[in-house]
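Novice: My questions will all concern the structure given below.
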Amino acid sequence: MRAGFFAVFFASAVVLVSAAPFPFLQGPAAKAHHQAQADHHLRQAEVHLNHAETHDNHANAATANGNHQAAAHHIAQYNHHIQQFDHHTAEHERHQALADAHPNYPQPHRRNIDELD
């Protein structure tokens, strides 16, 4: 009996929570959010590009030393980081376009009490 009650209670709570509105950012908050996301993805793309270059160097060194197993590993890691670089670059461009699409609202001028006279 209790288990059935809690199952029904939990199911109804899930329905209510899923119907809750998602907060929608607008104006300067949306611009700031998308700019922060664009900056994050740009940093991640740079990190992955650096890792890819490192793995490429290690793969070349391993090939020169005749260690083909290590070279294959580094080539696979290079390919992975290049894929991640492409992903983060695309996400950066998408978020940057969204940030640029939001208008720059001027900051409201806050008056000093002395200006009101």
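The values are calculated or read from the model by the stated rules, or taken from the named source; none is laboratory data. Not measured: the values here are computed from a predicted model. Positions of Cβ are generated from backbone atoms using ideal geometry, with glycine treated the same way; all protein chains shown enter the neighbour counts.
Novice: Of a type in the set (A, V, I, L, M), surrounded by 12 or more Cβ atoms within 10 Å (Cβ to Cβ), closer than 25 Å to Glu91 by Cα and at pLDDT below 95, is that true of Leu25?
Specialist: yes
Novice: Can you name the residue in the stretch 84-117 that is charged (D, E, K, R) and loosely packed, with under 10 Cβ neighbours inside 10 Å and is also modelled with the lowest pLDDT among such residues?
Specialist: Asp117
Novice: Follow-up. Quick one: what pairs do we get from the stretch 38-49, first residue within 12 Å of Asp86 (Cα to Cα), second among the aromatic types (Phe, Trp, Tyr), C-beta under 8 Å, 6+ apart or different chains?
Specialist: Listed pairs, sorted by first residue: Ala45/Phe85; His48/Phe85; Leu49/Phe85.
Novice: Modelled with pLDDT of 95 or more and either under 26 Å from His34 (Cα atoms) or crowded, with 17+ Cβ neighbours inside 10 Å (or both): is that true of His81 in this structure?
Specialist: So His81 passes the test.
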